[in-house]
Amino acid sequence: MQYIRYCITHFVTLHKITLLTPAAKKTLSLSIKLAIIGLAYWFIYRAVSNKAELSQFKDLVSHVSENKVTVTMSAVCVLMLLNWLLEAFKWKYLTRRLQRMTIWRSIAAVFCGLTWAIFTPNRLGEYGGRILYLPPSKRGYGVFTMAVGSFGQNVVTNVVGATALMWFVFSFLHLNVWVLMLLTLLAVALAGIMLICFFNIRWLAVLLNKIRFMHKYERFFNIIAQYRKRELAMVMLFCLSRFAVFSSEYYLVINLLLPQLSIFPMLMMVFNMFFIQSALPTLDLVDVGLRGMTAATFFSYITSQKLAVIACVSSIWFINLIIPAIIGSVFVLKIRFFDRTA
């Protein structure tokens, strides 16, 4: 909530700065861009230079056919690009109420946001990086528009994750039948509530209207109430597609090092990892450690190759977060902080 308030009060009014000369604004804008890129690259350097798991992954794949490694990792890179391309299409679809955006501009906004996300808690910087590709007068609306898409992605992660967690509980944990029933009811309730809330997301606008200090921002979050169920269903389709692509990346890399694992239990463990990780506050650059620990815990029930699992998670983390953040640094330079265009 504090971050949303910050975005509205600062990003929306940024274009109103009139005390600076055009030359001073240009210099300040360039300084901010270089600072963001410098900070992102420093975080990336610190993360990559300290990740022994990436070296372990290299050692592990040295025992696999070079052609198989090349084909698999190339496929994962293609899926990574597809993943963020789908997100760009989703962002373009969500923002059509705000402006007509080309797919290329949407791609630029998505990758720019990924650069900001790399050094901010819970990827909050992704909001700031992405909405700066909207006209200044639309950036406040953009915060809540992006929240719709993020909520949809969380719904998919949690619904699938809750289902996978129940499979895990029934398959590996020997609990009292009443405890199992209670957990099943909680999982069903969680999935049902999240789906209902998403397809009735206008309720969020009603809730925000009841918060006193948010009243003056009513025009911004009322954009949420304008999304109809048909539009939300389309957003959900984008979210499901991204989830399938992202899951496929994990399958390919894990299957590369642990081909003996069956597809179904492997994916169930991956879904459990997504579910647990989504519920915990973290930073992208330490997120790999959390993912690795979570994955190793779940996968320990179906394999003893803990090192291979952690190495797989680290390699996917690098491909899906570090590479896009580097690409996004190019688009950071194209941001117009003080553009007065409506």
Restricting the search to the range 76-125, which residues are β-branched (Val, Ile, Thr) and either in contact (Cβ under 8 Å) with a residue 12 or more places away in the chain or surrounded by 16 or more Cβ atoms within 10 Å (Cβ to Cβ) (or both)?
76, 95, 103, 107, 110, 115, 118, 120
Scan of the range 188-208 for residues that are over 22 Å from residue 220 (Cβ atoms) and more than 23 Å from the chain's Cα centre (by Cα), ordered by number
188, 189
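Residue-by-condition table, conditions (1) small (Gly, Ala, Ser); (2) modelled with pLDDT of 80 or more; (3) in contact with a Gly (Cβ under 7 Å, 6 or more places away or on another chain); (4) closer than 14 Å to residue 132 by Cα:
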residue: 17; (1), (2), (3), (4): no, no, no, no
residue: 25; (1), (2), (3), (4): no, no, no, no
residue: 49; (1), (2), (3), (4): yes, no, no, no
residue: 56; (1), (2), (3), (4): no, no, no, no
residue: 74; (1), (2), (3), (4): yes, yes, no, no
residue: 101; (1), (2), (3), (4): no, yes, no, yes
residue: 104; (1), (2), (3), (4): no, yes, no, no
residue: 108; (1), (2), (3), (4): yes, yes, no, yes
residue: 115; (1), (2), (3), (4): no, yes, yes, yes
Anything in the range 119-149 that is assigned to a helix (DSSP H, G or I) and of a type in the set (S, T, N, Q)? List them, or say none.
137, 145
Under the condition of being touching a Leu at 6+ places or on another chain (Cβ under 9 Å) and assigned to a helix (DSSP H, G or I), which residue from the range 162-178 is surrounded by the fewest Cβ atoms within 10 Å (Cβ to Cβ)?
170
In the range 291-334, which residues are more than 18 Å from residue 114 (Cα to Cα), in contact (Cβ under 8 Å) with a residue 40 or more places away in the chain and not in a helix (DSSP H, G or I)?
301, 302, 303, 305
Across the range 194-211, the tally of residues that are of a type in the set (S, T, N, Q) and either buried (at least 18 other Cβ atoms within 10 Å of the Cβ) or not in a helix (DSSP H, G or I) (or both) stands at 1
Mind checking whether some residue in the range 229-247 is farther than 24 Å from residue 85 by Cα and either part of a helix (DSSP H, G or I) or modelled with pLDDT under 85 (or both)?
no
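The values are calculated or read from the model by the stated rules, or taken from the named source; none is laboratory data. Keep in mind it's a predicted model, so treat the numbers as computed, not measured. Positions of Cβ are backbone-derived with ideal geometry, glycine not excepted, and every protein chain shown enters the neighbour counts.
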